[in-house]
Amino acid sequence: MSSAEKQIEAGLTDAEREEIDQWLGRFPDSPEGRRSAVIPALHVVQHNSGGWLPPARMDAVADYLGMPPARVYEVATFYGMFDVKPTGRHKVNICTNISCMLRGADEIVEHVEKKLGIGLGETTADGRITLKREEECLAACAGAPMMLVDEEYYTDLTPEKIDRILDELE
């Protein structure tokens with residue numbers, strides 16, 4: 001295990017602390033202000049932890065922000081943007097809210113499940129793609145149906161367009 005891996009396993013890296021400190025500068029200098037930085041701090045840590053939040057890393061965020069670990073766990077498990085178990089290299093989120101549903105989201109979900117051979121919340125055997133749970137809204141209603149792959153939006157989906165997108169992922 002490299003020294004960087006050990007530091008990540010043990011807590012936050014210096015670079016992570018620096019990035020979290022930049023976020024902290026946007027909030028009042030108080031305990032409440034420090035707690036306001038939990039979402040960006042979790043983003044920083046998840047990005048540097050292989051796309052998910054190991055418990056030890058969430059504990060490190062809690063310690064750094066001066067919060068009870070349970071509060072950090074609540075945030076990490078409430079928001080769909082965070083993962084508390086390992087995921088595939090790519091994350092696929094399909095919007096199933098009303099606009100997307102009316103324009104075929106259910107069929108899109110079925111198509112992706114069939115193409116990947118997995119269900120919602122599962123990861124392909126090769127660890128390439130995690131099909132996240134259904135998303136309530138991804139805020140691209142004008143382009144329904146739509147999905148988010150990693151951090152890129154894809155709108156006006158068709159089975160052919162989805163096949164092309166998924167086939168191009170590493």
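For the chain, how many pairs of lysine residues have a Cα-Cα distance under 18 Å, where the two are 8 or more positions apart or belong to different chains?
The result is 9.
To the nearest 20 Debye, how big is the dipole of the stretch 3-78 about its Cα centre, given +1 on the beta carbon of each Lys and Arg and -1 on that of each Asp and Glu?
Details: 7 positive and 12 negative charges, 39 e Å.
Magnitude of the dipole: close to 180 debye.
For Lys132, Lys114, Lys161, which order do you get if you count the other beta carbons within 10 Å of each Cβ and list the fewest first? Walk me through the numbers before you get to the answer.
On the way: Lys132 21, Lys114 10, Lys161 14.
The order, fewest Cβ neighbours first, is Lys114, Lys161, Lys132.
Of all DSSP beta bridges located in the chain, what percent are antiparallel, nearest 5?
Working: 8 of 12 bridges.
Around 65 percent of the beta bridges assigned by DSSP in the chain are antiparallel ones.
Scan around Glu122 for amide H atoms under 5 Å from its own, H built in the peptide plane at 1.01 Å from N, and keep only partners 5 or more places away or cross-chain.
Leu131
Calculate the spin-label point distance for Asp156 paired with Asp21, positioning each point 7 Å from the Cα along the beta-carbon direction, and give it in nanometres.
Result for the modelled spin labels: 4.7 nm.
Need one number: nm distance between label points at Leu169 and Ala125, each 7 Å from Cα along Cα→Cβ, rounded to one decimal.
1.7 nm
Using modelled backbone amide H atoms (1.01 Å from N, in-plane), which distant-in-sequence or interchain residues come within less than 5 Å of Lys91's amide H?
Thr130, Asp150
Starting from 0 in steps of 10 Å, tell me what percent of the Cα-Cα pairs of the chain lands in each bin.
Pairs per bin, as whole percents: 10, 33, 29, 21, 7, 0.
Can you give the relative contact order of the stretch 90-167 as a percent, counting alpha carbon pairs under 8 Å and 6+ residues apart? Each step should come with its number before you reach the end.
Values: 123 pairs, mean separation 30.2, N = 78.
That works out to 39 percent.
Please compute the contact order of the chain in relative form: average sequence separation of alpha-carbon pairs under 8 Å and at least six residues apart, divided by the residue count, as a percent.
Numbers: 239 pairs, mean separation 29.2, N = 170.
With pairs under 8 Å counted, the relative contact order is 17 percent.
What is the magnitude of the charge dipole of the chain about its Cα centre, with +1 placed on the Cβ of each Lys and Arg, -1 on the Cβ of each Asp and Glu, and no other charges, expressed in debye to the nearest 20?
Details: 18 positive and 31 negative charges, 55 e Å.
That gives the chain a dipole magnitude of about 260 debye.
Could you work out the helix-only [θ] at 222 nm for the chain, with each DSSP H run of four or more residues adding -39,500 (n - 2.57) and the total divided by the number of residues, to the nearest 500 deg cm²/dmol? Each step should come with its number before you reach the end.
On the way: 9 runs with 82 residues, N = 170.
Computed ellipticity for the chain at 222 nm equals -13500 deg cm²/dmol.
Quick check on the exposure proxy: order Val38, Val75 from fewest to most C-beta atoms within 10 angstrom. Mind dumping the intermediate values first?
Values: Val38 21, Val75 18.
Listed from fewest to most nearby Cβ atoms, that is Val75, Val38.
Could you tell me the calculated FRET efficiency between Tyr79 and Glu110, based on Cβ-Cβ distance and R0 = 30 angstrom, to the nearest 0.05?
On the way: r = 26 Å, r/R0 = 0.86.
For R0 = 30 Å, the calculated efficiency reads 0.70.
Readers should treat all values here as calculations from the given coordinates under stated rules, not as data from a laboratory. A quick note: this is a predicted structure, and the numbers were derived from the prediction, not measured. Cβ coordinates were reconstructed from backbone atoms using ideal geometry, including for glycine residues, and neighbour counts include every protein chain displayed.
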